[in-house]
1. In segment 40-53, which residues are open to solvent by less than 40 Å² (accessible area, probe 1.4 Å) and at pLDDT below 95?
2. Buried (at least 21 other Cβ atoms within 10 Å of the Cβ), in a loop (DSSP other than H, G, I, E, B) and touching a residue at least 24 places away in the same chain (Cβ under 8 Å): does that describe TYR29?
3. Tell me which residues, restricted to segment 384-428, are crowded, with 23+ Cβ neighbours inside 10 Å, more than 16 Å from the ligand (Cβ to nearest atom) and in a strand (DSSP E or B).
4. Applying the selection to segment 133-161, what residues are free of Cβ contacts under 8 Å to residues at least 40 places away in the same chain, open to solvent by less than 10 Å² (accessible area, probe 1.4 Å) and out of contact with any Phe, Trp or Tyr (no Cβ under 7 Å at 6 or more places or on another chain)?
5. Exactly one of these conditions fails for GLY588: (1) touching a residue at least 12 places away in the same chain (Cβ under 8 Å); (2) out of contact with any Pro (no Cβ under 9 Å at 6 or more places or on another chain); (3) in a helix (DSSP H, G or I); (4) under 29 Å from ALA400 (Cα atoms). Give me its number.
6. If you check VAL327 against the conditions, is it modelled with pLDDT of 95 or more, among the hydrophobic types (A, V, I, L, M, F, W, C) and more than 14 Å from the ligand (Cβ to nearest atom)?
7. Pairs please, first residue from segment 351-377 and at positive phi and assigned by TED's automatic domain parsing to the domain that holds ASP335, second anywhere and part of a helix (DSSP H, G or I) and within 9 Å of the ligand (Cβ to nearest atom), Cβ atoms under 6 Å, 6+ apart in sequence or on different chains.
8. Which residue out of VAL121, VAL89, VAL98 is in the same structural domain as ILE69 (by TED's automatic domain parsing) and in contact with a Pro (Cβ under 6 Å, 6 or more places away or on another chain)?
Amino acid sequence: MCGIVGYTGSQDCMPILLRGLGSLAYRGYDSAGVAISDGREIAVVKERGKLKNLEDTLAQRPLVGTAGIGHTRWATHGEPNAVNAHPHVDQNRKLALVHNGIIENYRPLKERLMQEGCAFVSETDTEVVAQLIGSLYQGDPKQAIVEAMRQIKGSFALAILFRDDPGTVYCVCDGSPMVVGSGRTGSFAASDIPALLPYTRKVTFLEKRQMAILRPDGISFYDRDGNPITKTVTRVEWDVEAAKKGNFEHFMLKEIHEQPNALINTIRQYVSERTGFLRESIFPWSTEEAGKLKRIRIVSCGSAYHAGLLGKKFFEHLAKLPTEVEVASEYRYSDALFEPGEPMMLISQSGETADTIAAMRMAKERGQQTVAVCNVIGSTIARECDRTLFTYAGPEIAVAATKSYVTQVAVLYLTALDLAYRRGCMTEQAVRDCLEALHTVPEKMRRVLERQEQVQAYANRHVTARKMFFIGRGLDHALCLEGALKLKEIAYIHTDAYAAGELKHGTIALIEDGSLVVSVATQRDLLPKMASNMEEVRVRGADILAVTNGTGGLGEHCSEQWDFPTVPDMLAPFLAIVPLQLLAYYMGVARGCSIDQPRNLAKSVTVE
Ligand code: F6R
């Protein structure tokens, strides 16, 4: 999704803005631009396409100044071209601004402004904000912004430069993230932490309709009416290296390899090293509350939804707690009923996914308790939910979710154990046995990762595949959905995941000579059933790859088998997902796809 950077200080700002935009490029974009104040005028340069185009133009025509804003745009209103790219200016060039989010009432605002004589040059909702603030500006930038915020509806993060106030960057947001921080050489703003990390680890997140005014010597904060407020500073624990590729060719591969450590870091937060047991205070429900729970509803999108499907299996199997899992974009427009006292769990890596946020706010309005599973401190979901169970995956830069998914699954598993214990479904010893097994997973995951060449060889052999089928039962079906999603988004291969027992109700008609089928068969009690389902497709010509949980034994039903170290069935998803992620990665590499920024995708989906 779009990225924002802003800087004011003692340094030439162009290299700082370009570096910041570079560190946000992972979010996906199709045009980029900067505005720099030289003390008298605001100069704007924007280009369609990758940052390199903008850099080339700026190399020909350098902009000089110590205060500026920059943007990478992922087109929503209006095609991706230089005119629609940000920054946008008002018609008198009194200000320039960059915007993330969507202005919902831009049409009536635009009509009114046009009647008042405003001439628009772009098709964007963002230009409406620039013209609106320009029309309200009477010499006091803060007041003009406060007044404009009263008139605009929707989600926004804005960074604004005013011609008459050179050296100052104004930032406001609502529903789209904005983070600011002061460093040795000035003040910095961005829509995401990686852009700030080269300069400071002490950051402040703006909340709903708050404003930050950045000057070279510090940052001041204001509420929606422009009254001064005090904000807390958060220290970012991960460093800039965590957001770099290191020796890996792509962030996605690096992040797949980081999964054992991400798991260790996450488990450590929920399981006390001293007692070896679940930390009492970290989980959302007391023993009394856990006992009263009748049902949980999990709402999320994409990979986080797939993690939720595993969560359902954990909650129902271990804690005997009925659990519903819904895709947020469906849930928010459905008539879903809820029981009094039914909590909603929202799972989100970014904490900024628009549909998940909408579901969360619906739950809050109805008085439901909201519990987040989230990777980003300071994100909207982490801030607004009643409780947040953090995942400790560190920054996930590649668009495809990998380590965030695995850590979400871990948090759900640990929460299920906590609930199972409190609800009297498991004894302390049974929980300890599960934890002991969980502790062995990161090391076993490393052993799976060591076999990546086998996955690569398979991918190279099947590089021309046009479609693939994933089949599995129980936990494996949820896993198949995630494996299939990875292949679609990274290798652009049409894949579908089926509950293996459903094949004969229609899908099997698609199986023909040479059809590629990935059979995930990690659940011991379901192996005989899986063997039959594999046989059904094998005899119809399918070429089957089986992913198994130390069980071997399915060799006669498949042409290739990846058998990973044995773990209890409930923990198999942690290991089985790794070869599926690697398969998508190596298929994507072999097919020359854009691995870290797949076409048409953005890292966090802040629009509906
Ligand atoms: C897939 C992927 C997406 C996200 C989804 C939810 O690899 O990354 O499907 O999982 O957009 O995003 P978050 O977790 O940020 O709410």
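1. If the condition is that a residue be open to solvent by less than 40 Å² (accessible area, probe 1.4 Å) and at pLDDT below 95, then GLY49, LEU51 are the ones that fit.
2. yes
3. none
4. ALA148
5. So GLY588 meets the others, but not (2).
6. No, not satisfied.
7. Matching pairs, first to second residue: GLY351/ILE381.
8. Values: VAL121 fails: in contact with a Pro (Cβ under 6 Å, 6 or more places away or on another chain); VAL89 fails: in contact with a Pro (Cβ under 6 Å, 6 or more places away or on another chain).
Going through VAL121, VAL89, VAL98 in turn, the sole match is VAL98.
The values are calculated or read from the model by the stated rules, or taken from the named source; none is laboratory data. Note that the coordinates shown come from a computational prediction; the quantities given were computed from them, not determined experimentally. Cβ atoms come from the backbone with ideal geometry, glycine included; neighbour counts cover every protein chain shown. All accessible areas refer to the heavy atoms of the entire protein, side chains included, with ligands and DNA or RNA removed. Shrake-Rupley method; radii C 1.70, N 1.55, O 1.52, S 1.80 Å.
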